[in-house]
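Written out below as structure tokens is the structure these notes cover.
The values are calculated or read from the model by the stated rules, or taken from the named source; none is laboratory data. Predicted, not measured: the structure shown is a model, and the values here were computed from it. Virtual Cβ from ideal backbone geometry, glycine too; neighbours counted across all protein chains shown. For the accessible areas, the whole protein counts, side chains as well, though only heavy atoms, and no ligand, DNA or RNA atoms are used. Shrake-Rupley method; radii C 1.70, N 1.55, O 1.52, S 1.80 Å.
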Amino acid sequence: MTGNSASTPRRGSPAPPAVLLSELARLWPGAELRGGDAAVVDCTHDSRQVRPGWLFCAMVGARHDGHDHAPAALAAGASALLVQRFLDLAVPQLRVPNVRWAVGPAAAAIHGRPADRLAIVGITGTNGKTTTSYLLHSVFVAAGRPAGLLGTVETRIGAHRWSSPLTTLEAPDLQRAFARMRREGVRSAVMEVSSHALDQHRVAGVTFDVGMFTNLSAEHLDYHGTVEQYYHAKSLLFTAERCRRALICVDDEWGVRLAAQCDVPALTFGHSGRAEARITAAVTDRRGTRIRLRCPDGPVELTAPLVGLCNAANLAAAYLAARAVGVPREEAVSGIALCDSVPGRFEPVDAGQPFLVVVDYAHTPGAIGAQVATARSLAGPAGWVHVVVGCRGGRDRYKRPEAGRMAATADVAFLTSDSPGHEDPEAIVAQMLTGTLGLPRRQVVVELDRAEAIRLAVTAARPGDVVLILGRGHETCQQVAGRALPFDDRGRARAALRALGWTGARAPARSRRRPSPATAPVRPS
Ligand SMILES: CC(=O)N[C@H]1[C@@H](OP(=O)(O)OP(=O)(O)OC[C@H]2O[C@@H](n3ccc(=O)[nH]c3=O)[C@H](O)[C@@H]2O)O[C@H](CO)[C@@H](O)[C@@H]1O[C@H](C)C(=O)N[C@@H](C)C(=O)N[C@H](CCC(=O)O)C(=O)O
Ligand SMILES: Nc1ncnc2c1ncn2[C@@H]1O[C@H](COP(=O)(O)OP(=O)(O)OP(=O)(O)O)[C@@H](O)[C@H]1O
């Protein structure tokens, strides 16, 4: 990836005009200014990012109280503080009831409210955000609109792109990215809006042209506590303050509920008979996915070279969002067709081998099950589906047995580690195994070394099989016992194929008939 992060202003970029603290004070009734006025040119919530002339916003977090870091911020050149209790420091300070709530509007004001002059689509939901963002971004680009994309994989502003630290940037970084979009001539943007971001007010100060809901299943409960709270965080996108209109997938009960409670004009979509824009046909094969969508402005056929039936809803979502922000119908259709890949989402690893190897980000039980089903539809008549999957450490422990159970819908499941963090990888896999109790032992192989699990799966595959490597997608490192270790599923799969003699789109130097590894199950003849 190239370009500079929007969170660090580029050298040589024009200095933004300064805003007075007294002007910011007008944003909140009851805000109190002490220690005089000051001009601020930018802001941050992190003392380690402060530059001369910036406003330091002292947020109270779970581990730190930003107020304790105000001296460091001043030493770095902060010209003022946004606080929720006045500090005994000789610097202009603006006190507000809650700094976390105030950072977004403050950052928006400092940057001249750039989001107001962009058409922005914000996407929330458990699955499908990244894929739908790429489809929509492809539409904007194909329609000749300079575009922005903000999400889990990367940030793109026009021709510049760099990897993202978070799915949804912190408010100061987000507003700075929007300001850069304006400077670069961007008119339309699509961004993923995580439940964490909504809960933490990172998008306060933004009104999306379109707010989109894809689906919801239990995730991030270690943060939100209950599914109900998780849903509540997602639903915060669908208020008149946050979006002008909504697109809501009603294929699950949460979407139905959201559509009923949403207080902005909403269009529902999905496979469901309840959907106003309804997917009436959907097929997926190795070339991609094709759907027929019956929508208020007439029926339309959409195709994209993205494999997997879960993409049917993503195609519909991207089309409807494009139309909602004024992209003509034909341009929306052709832009979607041009979206040829999304990093780490059903991404094939092709070294010329006679079986399919695919890396995908599926890490919820539902997504794992859906990708196994897709793989089965792509396998040859007697082809097997091999899945390599683990569960991440430090989060969402409750979904491990179900993830194991879904993995075991494949012909062979290689249960392995996936960024275990400070947890014991063996204990994580043991929890996954509880979901496979009662299944034939030959169907589940435990191999804690992920590279070795990938090697075993690829080595066991025969012509017509599909090897699915799930959970890590585009990611290039794993957290293991406090260390970030480089690990890319795509690279490991390629290396395993290379070791077998598959080095390109040609037949390998040695025989195609390879012995199965000792651990691989014996398949019936
Ligand atoms: C779990 C979680 O969301 N934590 C967020 C929370 O952290 P926290 O409450 O622990 O903050 P803290 O460390 O106590 O710090 C409090 C304040 O002191 C500041 N500080 C701290 C130290 C210092 O030296 N100087 C300083 O100024 C911090 O910058 C912060 O403003 O508040 C911080 C400030 O807003 C966030 O940066 C932080 O997100 C962390 C980085 C994070 O990793 N979040 C993940 C879980 C997240 O948001 N993920 C979603 C996507 C999830 C998904 O779909 O997979 C995302 O949008 O990326
Ligand atoms: N609309 C969908 N419904 C269900 N599953 C989906 C959908 N789209 C994609 N998936 C599955 O979920 C995985 C993650 O997809 P994607 O990255 O698009 O979602 P996301 O919402 O951005 O996820 P995350 O928040 O974890 O980054 C894909 O690799 C695929 O297996």
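Residues in the stretch 110-142 that are open to solvent by 20 Å² or more (accessible area, probe 1.4 Å), assigned to a helix (DSSP H, G or I) and either out of contact with any Leu (no Cβ under 6 Å at 6 or more places or on another chain) or within 16 Å of residue 170 (Cβ to Cβ) (or both): 116, 117, 129, 141.
Scanning the stretch 432-454 for residues that are in contact (Cβ under 8 Å) with a residue 40 or more places away in the chain, buried (at least 19 other Cβ atoms within 10 Å of the Cβ) and not in a strand (DSSP E or B) returns 432, 447, 450, 453, 454. Within the stretch 343-354, the set of residues being more than 7 Å from ligand 2 (Cβ to nearest atom), open to solvent by 10 Å² or more (accessible area, probe 1.4 Å) and either in a loop (DSSP other than H, G, I, E, B) or under 13 Å from residue 403 (Cβ atoms) (or both) comprises 343, 350, 352, 353, 354. Contact map, the stretch 361-380: first residue part of a helix (DSSP H, G or I) and of a type in the set (Gly, Ala, Ser), second residue open to solvent by 40 Å² or more (accessible area, probe 1.4 Å) and within 7 Å of ligand 2 (Cβ to nearest atom), Cβ cut-off under 6 Å, separation 6 or more or different chains; pairs are 367/127; 370/310.
Here's the yes/no breakdown for (1) aromatic (Phe, Trp, Tyr); (2) within 16 Å of ligand 1 (Cβ to nearest atom); (3) closer than 30 Å to residue 165 by Cβ:
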{"position": "396", "(1), (2), (3)": "no, yes, yes"}
{"position": "412", "(1), (2), (3)": "no, no, no"}
{"position": "451", "(1), (2), (3)": "no, no, yes"}
{"position": "460", "(1), (2), (3)": "no, no, no"}
{"position": "471", "(1), (2), (3)": "no, yes, yes"}
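Right, residue 257: open to solvent by 40 Å² or more (accessible area, probe 1.4 Å), of a type outside the set (Gly, Ala, Ser), in contact with a strand residue (DSSP E or B) (Cβ under 6 Å, 6 or more places away or on another chain) and more than 16 Å from ligand 2 (Cβ to nearest atom) or not? Working first, answer last.
Numbers: open to solvent by 40 Å² or more (accessible area, probe 1.4 Å): yes; of a type outside the set (Gly, Ala, Ser): yes; in contact with a strand residue (DSSP E or B) (Cβ under 6 Å, 6 or more places away or on another chain): no; more than 16 Å from ligand 2 (Cβ to nearest atom): yes.
Taking the combined requirement at face value, the residue does not satisfy it.
Within the stretch 219-232, the set of residues being in a loop (DSSP other than H, G, I, E, B) and within 13 Å of ligand 1 (Cβ to nearest atom) comprises 219, 220, 225.
Checking the structure you have, find out if any residue of the stretch 161-173 is farther than 12 Å from residue 192 by Cα, in a loop (DSSP other than H, G, I, E, B) and within 14 Å of ligand 2 (Cβ to nearest atom). If you could, list the steps in order and put the result at the bottom.
To start, the set of residues in the stretch 161-173 that are farther than 12 Å from residue 192 by Cα comprises 161-163, 165, 170-173.
Checking the rest, the ones that are also in a loop (DSSP other than H, G, I, E, B) come to 165, 170.
Filter once more, keeping what is within 14 Å of ligand 2 (Cβ to nearest atom): 165.
Checked against the condition, which is being farther than 12 Å from residue 192 by Cα, in a loop (DSSP other than H, G, I, E, B) and within 14 Å of ligand 2 (Cβ to nearest atom), the stretch 161-173 yields at least one hit.
For the stretch 237-247, check the following and say yes or no: at least one residue is within 15 Å of ligand 2 (Cβ to nearest atom) and part of a strand (DSSP E or B). Show your work before the answer.
Let us first name the residues in the stretch 237-247 that are within 15 Å of ligand 2 (Cβ to nearest atom), namely 237, 247.
This time we only want the ones that are part of a strand (DSSP E or B), so: 247.
So far as the stretch 237-247 goes, yes, one or more of its residues are within 15 Å of ligand 2 (Cβ to nearest atom) and part of a strand (DSSP E or B).
What do you reckon, is residue 395 within 15 Å of ligand 2 (Cβ to nearest atom) and open to solvent by 40 Å² or more (accessible area, probe 1.4 Å)?
Numbers: within 15 Å of ligand 2 (Cβ to nearest atom): yes; open to solvent by 40 Å² or more (accessible area, probe 1.4 Å): yes.
Here the answer is yes, as residue 395 does meet what is asked.
Of all residues in the stretch 174-216, exactly one satisfies the criterion of being in a strand (DSSP E or B), away from ligand 2 (no atom under 15 Å from the Cβ) and β-branched (Val, Ile, Thr), namely 210.
Of all the strands (runs of 3 or more DSSP E) wholly in the stretch 253-313, which have at least 2 residues that are under 23 Å from the mean Cα position of the chain (by Cα)?
Numbers: elements: 266-270, 277-285, 288-295, 298-304.
Once the strands (runs of 3 or more DSSP E) in the stretch 253-313 are filtered for at least 2 residues that are under 23 Å from the mean Cα position of the chain (by Cα), what remains is 266-270, 288-295, 298-304.
So which of 504, 491 is at pLDDT 95 or above, more than 24 Å from residue 398 (Cα to Cα), open to solvent by less than 80 Å² (accessible area, probe 1.4 Å) and not aromatic (Phe, Trp, Tyr)? Steps first, answer last, please.
Working: 504 fails: at pLDDT 95 or above.
Among 504, 491, only 491 is at pLDDT 95 or above, more than 24 Å from residue 398 (Cα to Cα), open to solvent by less than 80 Å² (accessible area, probe 1.4 Å) and not aromatic (Phe, Trp, Tyr).
Per the conditions (1) closer than 20 Å to residue 173 by Cβ; (2) open to solvent by less than 40 Å² (accessible area, probe 1.4 Å); (3) over 30 Å from the mean Cα position of the chain (by Cα); (4) not charged (D, E, K, R), the sole criterion not satisfied by residue 50 is (3).
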